[in-house]
Amino acid sequence: EDPSSSSSTQSSVAPELPGFYYDPEKNRYFRLLPGHNNHNPLTKDSIHHKTMECKRLRLLQEEEKQNRKTTRAGLNSSVLLQKRQLGLLSSTSYCRLVHELKVNCMQRRKIEIHSPDSSVAGTNNFKIIVADVACERIFTVNDVEHGGCKYGIINLSGLGKESLTVEMYDNLYFTNRKVNSVCWASLTHPDSHFSKLCLMGIAETPGCASLLPASLFSSTNPGDRPGMLCSFKISTAWSCAWCLNPQADNCFSTGLTRRVLVTNVVTGHRQTFGTSSDVLAQQFATQTPVLYNGCRSGEIFSIDVRQRNRKGQSWKATRLFHGSAVTSLHLMEAEHYLMAADMAGKIKLWDLRTAKCVKQYKGHHNEYALLPLHVNEEEGLLIAVGQDCYTRIWSLQDAHLLRTIPSPHPSSKDAIPSVVFSSRLGGSRGVPGLLMAVKQDLYHFSYN
């Protein structure tokens, strides 16, 4: 059962009456009054919130008691091993089902956050967390009490099987605007271990895009730290992406209101591509200098950034269409498939060679938020956090919903969790698992 769905049993207990709410606990009807104020406790919103909170608490209790059912009937480690030994399962199927078991067995543990400045750790709510390529560091965007956002980096090297401790470093840079998008960038090497940090997609009018050195966030002498590498004002920014293809070296893109702006950080050269809609999601291909864009109109199109600016829409290559605004894109490793999510809660896998949808992943919940997708092809998993604050994990192969994880905090617009999943959190010898940032807390779900 999907916790986000309206699973009221009212119809099986008592008939539904227009303008009335049936309370199964008190076994009676109550009149629904109009309005959303605090003096009227019986509104549709308050009833829905109460129902969702009861489900969240019930699921949390099941999580603590390890009362979860396996996603597939008869799926357990002994049965899988027996079938593998009998030759009834291929090695690929066996590995995939073992990963499903690992997902089902993940347990939540709270991480202790240390900081050189004791006044920093645990004082601001997490808004966004993004891991670098090696999953050694996590860039964080935190809400500030007086408004705006502050940035920091969490070092995961101290995250071990026994010790759940991380170091967090912040800096004096903050913005009084809303941060829509963040990505890691590299000026020297594809691996972000040698990279600079690319922070872009700051909304409002005028917005701005900034490129920050990762060395700003360190425990070294503050006087030795370099300043901001690049910062320029633009119109309202919705998304950003960094290109790792050598044919478009040192280039990044920002998705703006009705246009795409591709900028070379070293030369300052810019290319502008006009669109008919706001560009809410972007990702560069690695094998070719092609940029994929998802729009508010539901259109997905690609741009070969080697071509010069053209008037009209003639530069658009691949074109796909969703029925709602596209909020996230993920290009698969072979670059033949593209995963996309929209504001209707639909997640689709597109075959770029045929321009057809080949799979849909059901259960995601979204109405208006810019929510990211997290794909781990090595483990065969798709992870997404819904606007209802539930984290859902699907099997990439057959789109089966493997697990629904409730938030440790009550659901609200400002408490949507941000997650990172990797089989090597903290580097090549790191621990596997899911990191979840919500409110001021950071949690680790062990994947072993």
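The values are calculated or read from the model by the stated rules, or taken from the named source; none is laboratory data. Fair warning: this is a prediction, and the values are worked out from it, not measured in the lab. For neighbour counting, all protein chains shown are included, and Cβ atoms are generated from backbone atoms with ideal geometry for every residue, glycine included. These accessible areas exclude ligands, DNA and RNA; they are computed on the full protein's heavy atoms, side chains included. Shrake-Rupley method; radii C 1.70, N 1.55, O 1.52, S 1.80 Å.
Within the straight-line cut-off of under 17 Å between alpha carbons, the aspartates and glutamates reachable from Lys178 are Asp143, Glu145, Glu204, Asp278, Asp414, sequence neighbours fewer than 8 places apart in one chain being disregarded. Summing +1 for each Lys or Arg and -1 for each Asp or Glu among the other residues whose beta-carbon sits under 10 angstrom from that of His99 gives -1.
What is the percent carbon and sulfur in the accessible area of the stretch 110-446, measuring with a 1.4 Å probe over the protein chains and ignoring ligands? Present the calculation step by step, with values, prior to reporting the outcome.
Numbers: 6730 of 13770 Å².
Within the stretch 110-446, the accessible surface is 49 percent carbon and sulfur.
Cross-link pairs exceeding 30 Å in C-alpha to C-alpha distance, out of Lys150/Lys356; Lys150/Lys233; Lys110/Lys150; Lys233/Lys356; Lys316/Lys346, comprise Lys150/Lys356; Lys233/Lys356.
Excluding ligands, DNA and RNA, what is the solvent-accessible area per residue of the stretch 328-390 at a probe of 1.4 Å, expressed in Å²?
In whole numbers, the stretch 328-390 has 40 Å² accessible per residue.
Considering every Cα-Cα pair within the stretch 110-446, what fraction, in whole percent, is farther apart than 39 Å? Roughly 8 percent, rounded to a whole number.
Rg of the Cα atoms in the stretch 313-448, relative to 2.2 N^0.38 Å, amounts to 1.10. Projecting the alpha carbon convex hull of the stretch 293-379 along each direction and taking the average yields 6.5 nm². Of the peptides 260-272, 419-431, 288-300, the order by per-residue mean of other Cβ atoms within 10 Å, starting with the highest, comes out as 288-300, 419-431, 260-272.
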